[in-house]
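Everything below concerns the one structure shown next.
The values are calculated or read from the model by the stated rules, or taken from the named source; none is laboratory data. The shown structure was predicted, so the numbers you read here are calculated from the model rather than taken from an experiment. All Cβ positions, glycine included, derive from the backbone under ideal geometry; neighbour counts span all protein chains shown.
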Amino acid sequence: METEIACQVIDPNDVTLPLKDGEMLVSDIIELGPHGTTFHQPVTVQMQYNNTSLGGDRELAVWGEDSVAVSVDHFSIFAVINQPKQDQFTVPTEGFKLTSSTQPAVQISFPEQTVTTPTDVTIQVQEIPKTAVDEIKAKDESFHKLVGTSPIVNVETVSDAEVQFHKPVTVRVPHPQHYMDVQHEGPTKLRVMSCEEGTEEWMDVTDNITISSVTEEFVEFEVSHFTRWIVVVVTDIYDDPEELGPIPLNLCRWLQHRAVQFILMQREDNMKQVVIECKPAEDAETEHADLMQKGYDGPLPSDKVTIFEGQKVEICLLGNVSIAPSCTQQHITFHSQKLNRLHMQVESHDGSDGTGTVAFLAMPRVKVRKEKDTKAKIRNMRKKLEKLGHSSDAEVLQPKELCALPIYVPCESARKTSKGVTGGATFKDVGKYFFFIKENVSTDWKDLAFHLGFADPDIRNIEGKQANPDDKSRCMDMLREWQKRGGNSATKEVLTEALSKAGLQRVVDGLSRPQQKEAKK
């Protein structure tokens, strides 16, 4: 009996990946179906991923260059997620010493009979660059008493069950001043801080633990359970332990945030068609310069703002403009290793030209928590709100406005008529390129459709056809529709120009190779 298998690439804007701190999406999101199908033998799924930005302190796939292979027993949605490197050990009852593979100065020592049964634990070390300390001190005067920190050390059990230590466990971290190579004259305080899993509340626990050793290179302290720790050195002025809490919290946010800019583009021949891109700040200026060279005269990129990896950004229109009812998607989900692009159709009001702004709102972040961690989060949040005198409906989950861009939409967009292009592939010949294009374009077919002149309702109509179960068939349907509409104007030159504008130069380069082979014949 044969089973028909469906495979499609999902737009990252259509799915929410609950990323933990430090994780990032580095592949396409693949859906294999039909869902519920189980296998009698393991099936291998192999996926390509982007490893260009991965350093030695991040997990590297070891199955192959630029690809990951994994055995699965059912169909589902698959993606490759990169995370800070994690070491896993089994702690025997006889005792054990864990050493981080990324930061050997970090060690966890379990005395004999600390645990009654062999226990699997993981350790992650999150490095903190000195630039992080310098930047938060420069931005907020309340942090100017901070001298330096150790890396953040996170130790967890693999199972959900809580582990009871029968003897204190010793944690060793590099001394903050040695770790950051900081020289400081004057008295200082060394404080140990911890943060329970599922919360963002860092507490000064120095007075509740035993600091067993302090040298120029290391600090050792004893703990009674797994959690996250950081050691900070501050000038001898801090008196209230609660003043220290914002320090590691701001460092964590500095590590997880990405500086981005938003770019707004409108079609010249139909300004109701809008494309919005969210790009890392270091790439946005280059992108805008390239657009200017091609004659783009739209607004400058937005101010630089910071958002989390995997954060959803809602798009809102203000003024005499609104998003067309046909647009069901009004958000971008940011992934630094992916193209973050949204197509929208907008319209003006009251039969007049529309002027307004496009506002970008950061939505509350989705976090991954175990059930016990969720309860701890709720408990800690209640305590914090009671202490501050806030009601339980405090605006802790409200969207935050990031920035805005101006937009102008004429009441009637003047459409340019397509002019015939001479010297290129004819209407009849251009179809021979479609197979290669649909095999290589993937989810970017919508971008190509936009630059070929398709309106948003047309794109959504193609996407919704039952005859188009995946992106390749949708791309082919769109290309054939473009060929039918364009007639003699549907040439290879028009097609390659649209591919280039859609950021698909690799496909354009691929189109030239078959021609070279034919020329040799």
So for the range 140-149 (the condition being within 25 Å of the chain's Cα centre (by Cα) and free of Cβ contacts under 8 Å to residues at least 40 places away in the same chain), does at least one residue qualify?
no
Residue count for the range 122-139, restricted to those that are touching a residue at least 12 places away in the same chain (Cβ under 8 Å) and in a helix (DSSP H, G or I)
5
From the residues in the range 182-221 that are at pLDDT below 95 and acidic (Asp, Glu), which one is surrounded by the fewest Cβ atoms within 10 Å (Cβ to Cβ)?
Glu185
Residue in the range 449-474 that is farthest from Phe435 (Cα to Cα), counting only those that are acidic (Asp, Glu) and assigned to a helix (DSSP H, G or I):
Asp456
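Every residue, every condition in (1) closer than 16 Å to Lys189 by Cα; (2) assigned to a helix (DSSP H, G or I); (3) among the acidic types (Asp, Glu); (4) at pLDDT 90 or above, yes or no:
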{"site": "Val232", "(1), (2), (3), (4)": "yes, no, no, yes"}
{"site": "Asp239", "(1), (2), (3), (4)": "yes, no, yes, no"}
{"site": "Cys252", "(1), (2), (3), (4)": "no, yes, no, no"}
{"site": "Leu255", "(1), (2), (3), (4)": "no, yes, no, no"}
{"site": "Phe262", "(1), (2), (3), (4)": "no, no, no, yes"}
{"site": "Asp269", "(1), (2), (3), (4)": "no, no, yes, no"}
{"site": "Val274", "(1), (2), (3), (4)": "no, no, no, yes"}
Can you tell me which residues in the range 81-94 are at pLDDT below 90 and in a loop (DSSP other than H, G, I, E, B)?
Gln83, Lys85
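Residues checked against (1) crowded, with 20+ Cβ neighbours inside 10 Å; (2) more than 21 Å from Cys411 (Cα to Cα):
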position: Gln273; (1), (2): yes, no
position: Thr286; (1), (2): no, yes
position: Lys294; (1), (2): no, yes
position: Thr328; (1), (2): no, yes
position: Thr333; (1), (2): yes, yes
Could you please let me know if Gln113 is at pLDDT 85 or above, outside the structural domain of Thr37 (by TED's automatic domain parsing), surrounded by fewer than 18 Cβ atoms within 10 Å (Cβ to Cβ) and out of contact with any helix residue (DSSP H, G or I) (no Cβ under 7 Å at 6 or more places or on another chain)?
yes
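Please find, among Thr157, Thr170, the residue that is outside the structural domain of Asp21 (by TED's automatic domain parsing), touching an Asp or Glu at 6+ places or on another chain (Cβ under 8 Å) and modelled with pLDDT of 95 or more.
Checking each option against the conditions leaves just Thr170.
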Residue ID - farthest from Gln86 (Cα to Cα), chosen from residues in the range 143-183 that are in contact with a Gly (Cβ under 8 Å, 6 or more places away or on another chain) and not hydroxyl-bearing (Ser, Thr, Tyr)
Val182
Considering only residues of the range 2-33 that are part of a strand (DSSP E or B), surrounded by 16 or more Cβ atoms within 10 Å (Cβ to Cβ) and of a type outside the set (A, V, I, L, M), which is nearest to the chain's Cα centre (by Cα)?
Glu31
Residue that is surrounded by 17 or more Cβ atoms within 10 Å (Cβ to Cβ), at negative phi, over 30 Å from the mean Cα position of the chain (by Cα) and hydroxyl-bearing (Ser, Thr, Tyr), where the choices are Thr119, Thr102, Thr90:
Thr119
Phe226 being outside any helix (DSSP H, G or I), in contact (Cβ under 8 Å) with a residue 12 or more places away in the chain and closer than 24 Å to Thr102 by Cβ
yes
Per the filter on the range 303-320, residues surrounded by fewer than 20 Cβ atoms within 10 Å (Cβ to Cβ) and either polar (S, T, N, Q) or in a loop (DSSP other than H, G, I, E, B) (or both) are Asp303, Lys304, Thr306, Asn320
Please work out if Gly423 is over 23 Å from Glu314 (Cβ atoms), assigned to a loop (DSSP other than H, G, I, E, B) and either modelled with pLDDT of 80 or more or assigned by TED's automatic domain parsing to the domain that holds Glu277 (or both).
no
Testing Asp447 on (1) within 22 Å of Arg267 (Cα to Cα); (2) modelled with pLDDT under 85, one condition comes back false. Which one is that?
(2)
Quick check on my filter: what residues within the range 329-369 are more than 30 Å from Gln48 (Cα to Cα) and of a type in the set (Val, Ile, Thr)?
Val346, Thr355, Thr357, Val358
Just checking, which of Val147, Val70 is part of a strand (DSSP E or B), over 30 Å from Ala6 (Cα atoms) and of a type outside the set (Phe, Trp, Tyr)?
Val147
